[in-house]
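So the structure is just underneath, and the comments pick up after that.
The values are calculated or read from the model by the stated rules, or taken from the named source; none is laboratory data. Since we're looking at a predicted model, the values are computed, not measured. Here the Cβ positions follow ideal geometry from the backbone for every residue, glycine too, while neighbour counts run over all protein chains shown. Protein only, heavy atoms only, side chains kept; ligands, DNA and RNA dropped before computing areas. Shrake-Rupley method; radii C 1.70, N 1.55, O 1.52, S 1.80 Å.
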Amino acid sequence: MSDFLSNFTNDNFDDQEKKKAKEPEKEVEEEQEVEPIEVPAPPPLIESEPTDEHVEFDPTYRKRRQKKILLFSLGGLVLLLGIFIAYYQFTRVKVPDFLKQEIAQAREWSAEEGVPLKIENTYDFDIATNNVTKQDVKAGDKIKKGDTLTLTVSLGPDPEEQLSLPNFEAMTIEAAQDWIKENKAENVSVVQQYHDTIGKGQFIKQEAADKELNLQEYKRKDRFSVYYSRGKENFEKNIEVPDFANKTLTEVTDWAKKNELKLVTEKVFSQSIAIDSVVSQSTAAGAKIAKQDEFKIQISKGKPLVVPDYQNYTLEQARELSNKVTAVLKSVYSETVPFGHFISQNIAAGTEFDEKDNPPTIEVTYSEGRPYIKDLRDNALEGDLPKLFFETYSAKGANITYDVYYMDSDKPKGTVIEMSRYGEYVPMDTHLTIGISLGNIQPVQEPVSQPVTDSPEPEMNEGVEE
């Protein structure tokens, strides 16, 4: 009976609950159908009469309801946690290990993950240029997208660091290359070149790009070259030499350049070959030579200007000699060469000059014979003596000197009245003494003779005298 009442009560309770749930729906539908003109007064509440029926409730209902609420709450928390984790994972990215990696890899990762980079540079001897030396977020840690990742990038060894250069002359080429690698001296270059006399692998020279650089203060940034020999370069003799007689210099130059030959030219005079044409060649036509060999030729510079042999000409003949070479003729005293004879010329006879070279002036000397002292008494004044002795003797190589003394005389003052030597040939080194008139004595006046008349008396005297 109790089970029946319990079922009945529960069913009845459920039916009432369902009816209460449906009634509002009906009221809503009625409200939608009926026009809202007047709101009727609510009916009076009818109190339910007490009943003697016993209602029994399910004791597990509350627990089941609480359990359901708890499950829904836990599910919501899990959902929120999942959303947060998903958001965290989506907005953050794991930072790789960029140490000693190329900065290009970091830039590529930055573009893909949306993490901007801040690059700081530093010199580092141990880490290569453009490689990362430091990162402000450790590898494996996460960084929020949009946040800046700071990377320190190596610029390589410090270029301002001073290095002590070794003695490359005493080093092999391998040792020099090892030193460059160990010191990361990237601006030191080892150059190998062929050399005709220095053996393979031996030191040739060293030089800095800055010629004024003090090698004791060499820095890593300075450019420096060390040259080592590759030995003599050998080529096969397979170049046939043409006959270049009377060919132009331009033709020979083009042929030498084409065959990589060392052309050596010498200019010579020629009476028959035109200017800038080949007079002769060192290697005969038809012979074979190799690349880098020397090929010597003589090039004509035309007809020469030949210096005459003035020994074959007198002074007068030399003055009349027609020649394009300028000559200055002079005569000097000589104790051994007779007057008018040739003594010397400053440029040897037969010397050849090119008209384009502005030939030098030839100085030709002829003899004046031995010095001769003229009689200057009553014919010269004291003031004339310096010029006369210089032009007559000193300018022509004779060392003729003089002293003067003064004398009482009725000759005009300053007149030469005495000479120690005159009217004779003297040695090249001769000293004279010359007396000069003081002009302090009045000359004696001679009586004036009477003029001869045409009177008969003189005629008689003349007859008597006869």
To the nearest 20 debye, segment 371-428 has a Cα-centred charge dipole, built from +1 on Lys and Arg Cβ and -1 on Asp and Glu Cβ, of 220 debye
Expressed as a percent, the accessible surface of segment 289-414 that is carbon or sulfur, using a 1.4 Å probe and the full set of protein chains, is 46 percent
Rounded to a whole %, the carbon-and-sulfur portion of the accessible area of segment 86-245 at a 1.4 Å probe is 43 percent
With the 1.4 Å probe rolled over protein heavy atoms, segment 388-437 has an accessible area per residue in Å² of 53 Å²
A correct Karplus calculation of ³J(HN,Hα) over segment 204-210, with 6.51 cos²θ - 1.76 cosθ + 1.60, θ = phi - 60°, whole Hz and x for Gly and Pro, returns 9, 6, 9, 7, 9, 4, 8
Under 5 Å from the placed amide H of Q202, counting only residues 5+ away or on other chains, we find S229
By accessible area (1.4 Å), largest first, E207, E236 order as E236, E207
Sorted by chain and then number, the residues having a modelled amide H within less than 5 Å of the amide H of V191, at least 5 places away or on another chain, are V226, Y227, Y228
Judged on accessible area alone, 1.4 Å probe, highest first, I441, I347 line up as I441, I347
Farthest towards the positive end of the dipole of segment 78-127, among T91, V78, A106 and with Cβ unit charges of +1 on Lys and Arg and -1 on Asp and Glu, lies the Cα of V78
Filtered pair list for segment 62-175 (Lys only, Cα < 28 Å, 8 or more apart or interchain) has a length of 20
Amide H neighbours of D136 at under 5 Å, excluding residues fewer than 5 places away on the same chain, with H built from the backbone geometry, are T150
When the charge dipole of segment 155-242 is computed with +1 on Lys and Arg Cβ and -1 on Asp and Glu Cβ about the Cα centre, the Cα farthest towards its positive end, among L155, F168, I198, belongs to I198
Computed over segment 221-302, the Cα gyration tensor eigenvalues, each multiplied by 5 and square-rooted, give semi-axes in Å (largest first) of 31, 18, 10
So the FRET efficiency between E112 and V190, C-beta based with R0 = 41 Å and rounded to 0.05, is 0.45
FRET efficiency for S164 and E233 from the Cβ-Cβ distance with R0 = 35 Å, rounded to 0.05, comes out at 0.50
Rounded to the nearest 10 Å², the accessible area of I198 using a 1.4 Å probe with every protein chain kept is 40 Å²
Check: in segment 165-262 the Lys pairs 8 or more apart or on separate chains whose Cα atoms fall under 26 Å apart number 29
Of segment 113-153, those with amide N under 19 Å from the point 7 Å along the Cα→Cβ vector of E182 are 125-127
Quick calc, segment 205-337, dipole around Cα centre from Cβ unit charges on Lys, Arg (+) and Asp, Glu (-), nearest 20 debye, gives 540 debye
Expected field for E418, accessible surface area in Å² at 1.4 Å probe radius, rounded to 10, holds 70 Å²
Karplus ³J(HN,Hα) for segment 216-233 (6.51 cos²θ - 1.76 cosθ + 1.60, θ = phi - 60°; Hz, whole; x = Gly/Pro) runs 6, 10, 5, 10, 4, 6, 6, 7, 9, 10, 10, 9, 10, 7, 9, x, 7, 7
Per-residue accessible area, 1.4 Å probe, largest first, puts E251, E368 in the order E251, E368
In whole angstrom, the spacing between the Cα centers of segment 229-286 and segment 323-376 equals 43 Å
Charge dipole of segment 210-249 built from unit charges on the beta carbon (Lys, Arg +1; Asp, Glu -1), centred at mean Cα; most positive-end Cα among L249, Y227, N238 is Y227
The simple spin-label model distance between A395 and T172, using points 7 Å out along Cα→Cβ, in nm, is 8.0 nm
Ignoring ligands and nucleic acids, I143 exposes an accessible area, probe 1.4 Å, in Å² to the nearest 10, of 10 Å²
For segment 183-188, in residue order, the Karplus 3J(HN,Hα) values (coefficients 6.51, -1.76, 1.60; θ = phi - 60°; whole Hz; Gly and Pro = x) are 9, 6, 8, 5, 8, 9
